[in-house]
Amino acid sequence: MGKATTKPPTKTEIFAAIAETTGLNKKQVSAVFDALAAEIKKTIGKRGGAGQFTVPGLCKINVL
């Protein structure tokens, strides 16, 4: 038996799926991800920052 050759979705595929589900266009979805990345960097990217960022209902990011 061979292994499944499924690959994780690309950024483009993820943005397209979210756009289809939400009714937003891909540019708007990209803007949301850019804003989320900026908030994460602002919270955990600076010395003395919280060291942790939680996306409610999705994940928690910790700086080790």
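The values are calculated or read from the model by the stated rules, or taken from the named source; none is laboratory data. This one's a predicted model, so the numbers in the text were calculated from it and none came from an experiment. Note that we place each Cβ from the backbone using ideal geometry, even for glycine, and neighbour counts take in every protein chain shown.
Among the numbered criteria (1) assigned to a loop (DSSP other than H, G, I, E, B); (2) loosely packed, with under 11 Cβ neighbours inside 10 Å, which single criterion is violated by Lys60?
Tallying (1) assigned to a loop (DSSP other than H, G, I, E, B); (2) loosely packed, with under 11 Cβ neighbours inside 10 Å, Lys60 fails exactly one: (1).
Which pairs do you get when a residue that is closer than 22 Å to Lys11 by Cα, found in the stretch 37-63, comes within reach of a residue that is assigned to a helix (DSSP H, G or I) and of a type outside the set (D, E, K, R), reach meaning Cβ atoms under 9 angstrom, with the pair 6+ apart or on two chains?
Cβ pairs passing all conditions: Phe53/Ile40; Phe53/Thr43; Phe53/Ile44; Val55/Leu36; Val55/Ile40; Ile61/Ile40; Ile61/Thr43; Ile61/Ile44.
In the list Ala31, Ala35, Ala4, Ala17, which residue meets the criterion of being modelled with pLDDT of 95 or more and loosely packed, with under 11 Cβ neighbours inside 10 Å? Reasoning before the result, please.
Working: Ala31 fails: loosely packed, with under 11 Cβ neighbours inside 10 Å; Ala4 fails: modelled with pLDDT of 95 or more; Ala17 fails: loosely packed, with under 11 Cβ neighbours inside 10 Å.
Of the residues listed, the single one that is modelled with pLDDT of 95 or more and loosely packed, with under 11 Cβ neighbours inside 10 Å is Ala35.
For the stretch 29-57, which residues satisfy the criterion of being outside any helix (DSSP H, G or I) and among the basic types (Lys, Arg)?
Taking the stretch 29-57 and keeping what is outside any helix (DSSP H, G or I), we get 45-57.
Lys46, Arg47 - these are the residues of the stretch 29-57 that are outside any helix (DSSP H, G or I) and among the basic types (Lys, Arg).
What single numbered condition from (1) at pLDDT below 90; (2) part of a loop (DSSP other than H, G, I, E, B); (3) not aliphatic (A, V, I, L, M) fails to hold for Pro9?
Pro9 satisfies all of (1) at pLDDT below 90; (2) part of a loop (DSSP other than H, G, I, E, B); (3) not aliphatic (A, V, I, L, M) except (1).
So which residues in the stretch 30-52 are touching a helix residue (DSSP H, G or I) at 6+ places or on another chain (Cβ under 8 Å) and more than 19 Å from Ala17 (Cα to Cα), if there are any at all?
Gly49, Ala50, Gly51, Gln52
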